[in-house]
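K.L.:
What follows is a structure written as structure tokens; I'll ask about it next.
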Amino acid sequence: MQSLKKIILVIPLLLGCLYACAQYPQFSLATDLTLQRSFKKEQAFWSVGHNTTLNFHLSPRNGIYTWFCYFADGKFTNTVNATAKQLATVPQQISYENKARLRFKQFSVGWKHYFKGTPDAEQKWNAYGFAGLGLLLGRVINTHSVLLDTSQYNVPVLSGKANYKRLTFDIGAGVEFPLGGDFNIYSEGKVFIPTTDYPSKYLFINDRAPYTGMLSVGLRLLF
């Protein structure tokens, strides 16, 4: 009798596991428009971008994501000072403006977890969080308001164009609402936190920069 009771209790669990295995894994494709904000002092700007995400749903709650995003130029201006290398140079200091245009592309791979709902839910709404590691590939263009002779003056940031890169820790959360037909509309916020510096003479701020936050709105299609 005891053995029969155990079997009766185990059968629903087995059926549940079989059902979950039959439903998963699944994958979905998402695309969104993103508003980006750079928070770093003296390197603050707004820009817009586009993100494409591929989600691999391994279970009703967990999965793996990979995304690629790119952004338009963010623009900002710094007032800086160039100092003479020799005491005989006149003037000893020149104050000028550096107008910068900064943008980047970013790849990220990480883990996604649904706190509420599932990726294939057809009613109500879902809430999820994610965290991963990324590679940020950027470009900066600097334009000085005066022409400086760098053989005579030390400058805090060079004029011209250069590329830079950062490894990042990416974290965020989002909500989504089913629209029917395997479509979901979603909104999410995320931040890219630089984990490496790779100093560049073309970036006025190198320490843990760029440090940015994003707010996105888009559509996800489940296959």
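K.L.:
So which of Gly132, Gly138 is at pLDDT 95 or above and either closer than 22 Å to Ser47 by Cα or open to solvent by less than 60 Å² (accessible area, probe 1.4 Å) (or both)? Explain how you work it out, then say what you get.
P.N.:
On the way: Gly138 fails: at pLDDT 95 or above.
Result: Gly132 is the single residue among Gly132, Gly138 that is at pLDDT 95 or above and either closer than 22 Å to Ser47 by Cα or open to solvent by less than 60 Å² (accessible area, probe 1.4 Å) (or both).
K.L.:
Mind listing just one residue for me: the one in the range 142-164 that is in a strand (DSSP E or B) and open to solvent by 40 Å² or more (accessible area, probe 1.4 Å) and, of those, farthest from Val90 (Cα to Cα)?
P.N.:
We begin by selecting, within the range 142-164, every residue in a strand (DSSP E or B); these are 142-144, 153-154, 160-164.
Okay, now just the ones that are also open to solvent by 40 Å² or more (accessible area, probe 1.4 Å), so 143, 154, 161, 163.
On the way: Thr143: 23, Asn154: 13, Lys161: 28, Asn163: 33 Å.
Once the filter is applied, the top-ranked residue is Asn163.
K.L.:
Which of (1) at pLDDT 95 or above; (2) under 17 Å from Ser38 (Cα atoms); (3) of a type in the set (A, V, I, L, M) is the odd one out, the single condition Ala127 does not satisfy?
P.N.:
Ala127 satisfies all of (1) at pLDDT 95 or above; (2) under 17 Å from Ser38 (Cα atoms); (3) of a type in the set (A, V, I, L, M) except (2).
K.L.:
Can I ask one more? Looking at (1) outside any loop (DSSP other than H, G, I, E, B); (2) small (Gly, Ala, Ser); (3) in contact (Cβ under 8 Å) with a residue 24 or more places away in the chain, which is the one condition that is false for Ala121?
P.N.:
Checking Ala121 against (1) outside any loop (DSSP other than H, G, I, E, B); (2) small (Gly, Ala, Ser); (3) in contact (Cβ under 8 Å) with a residue 24 or more places away in the chain, the one that fails is (1).
K.L.:
Report, by residue number, each residue of the range 172-205 that is over 18 Å from the mean Cα position of the chain (by Cα) and in a loop (DSSP other than H, G, I, E, B). Before the answer, list the steps.
P.N.:
Here is the first cut: in the range 172-205, the ones over 18 Å from the mean Cα position of the chain (by Cα) are 176-185, 198-205.
Correct list: Gly181, Asp182, Tyr198, Pro199, Ser200, Lys201, Tyr202, Leu203, Phe204, Ile205.
K.L.:
Scanning for something of a type outside the set (A, V, I, L, M, F, W, C), open to solvent by less than 80 Å² (accessible area, probe 1.4 Å), in contact (Cβ under 8 Å) with a residue 60 or more places away in the chain and closer than 23 Å to Val191 by Cβ, does the range 87-101 turn up at least one residue?
P.N.:
There is no residue in the range 87-101 that is of a type outside the set (A, V, I, L, M, F, W, C), open to solvent by less than 80 Å² (accessible area, probe 1.4 Å), in contact (Cβ under 8 Å) with a residue 60 or more places away in the chain and closer than 23 Å to Val191 by Cβ.
K.L.:
Could you list, ordered by first residue, the pairs with Cβ atoms under 7 Å in which the first is in the range 31-44 and in contact (Cβ under 8 Å) with a residue 40 or more places away in the chain and the second is among the hydrophobic types (A, V, I, L, M, F, W, C) and in a loop (DSSP other than H, G, I, E, B), at least 6 apart or interchain?
P.N.:
Pairs found: Ser38/Ala44; Lys40/Ile205; Lys40/Ala209; Glu42/Phe204; Glu42/Ile205; Gln43/Phe204; Gln43/Ile205; Gln43/Ala209.
K.L.:
Specify the residue that is nearest to Ala162 (Cα to Cα); the eligible residues are those in the range 206-223 that are in a strand (DSSP E or B) and open to solvent by 20 Å² or more (accessible area, probe 1.4 Å). Steps first, answer last, please.
P.N.:
Taking the range 206-223 and keeping what is in a strand (DSSP E or B), we get 212-222.
Remaining after also requiring open to solvent by 20 Å² or more (accessible area, probe 1.4 Å): 215, 217, 219, 221.
Working: Leu215: 27, Val217: 31, Leu219: 34, Leu221: 37 Å.
Result: Leu215.
The values are calculated or read from the model by the stated rules, or taken from the named source; none is laboratory data. Just so we're clear, the structure is a prediction, and the values are computed from it rather than from any experiment. Heads up, the Cβs are rebuilt from the backbone with ideal geometry, glycines too, and the neighbour counts pull from every protein chain shown. Please note that ligands, DNA and RNA were not included when accessible areas were found on the heavy atoms of the full protein model with its side chains. Shrake-Rupley method; radii C 1.70, N 1.55, O 1.52, S 1.80 Å.
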